[in-house]
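Report on one structure; see the data block that follows.
Each value in this text was obtained by applying a stated rule to the coordinates, not by laboratory testing. Since this is a predicted model, take the numbers as computed values, not measurements. Cβ placement follows ideal geometry from the backbone for every residue including glycine, while neighbour counts extend to all protein chains displayed.
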Amino acid sequence: MPRPYNFRRVCRLPQSSFFKPRGIPLSTLQHVFLTIDEFEAVRLADLEGLYQEDAAARMNVSRQTFGRILESAHKKIADALVHGKALSIEGGPYELDPRMGHPGQMGGNRFRGGRGGG
């Protein structure tokens, strides 16, 4: 029997969920889809400078899982930057951290929508 799936805990949703190169019509661009949990991993590791073990604990995942999430996010962001693709942040297996208090942001609900990983 497979192990039960843990949702990845995130502190906040991104302020902007879409980025694209300036001056290029969106209709002509390829898209890269970054999941909310990948966005959170980048925020914790690269912006806040947390060690992977500490960041993994905040997201309620193992250190190994955090490393895989972060590696996937880095590859997707690099692909978008290097190849001039649009970057969309949406979906994936996450839940908003109920301790953070999210007025108007569906605090504590679990989501599994959008594009997912890959």
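Structure notes:
- Candidate aspartates and glutamates - alpha carbon under 17 Å from K76, same-chain residues fewer than 8 apart omitted: D37, E38, E40, D46, E90
- When R8, R43 are sorted by how many other C-beta atoms sit within 10 angstrom of their C-beta, beginning with the fewest, the order is R43, R8.
- From least to most packed, judged by other beta carbons within 10 angstrom and beginning with the fewest, D46, D97 follow the order D46, D97.
- Shape box of region 12-113 [Cα atoms, principal axes, largest first, Å]: 41, 31, 22
- Alpha-carbon centroids, region 1-15 and region 22-99: separation in whole Å: 13 Å
- For region 1-29, the residues whose backbone nitrogen is under 18 Å from a point 7 Å from the Cα of Q64, taken along Cα to Cβ, are 1-8.
- Cβ-based exposure ranking for M100, M59, M1, in which fewest neighbours within 10 Å come first: M1, M100, M59
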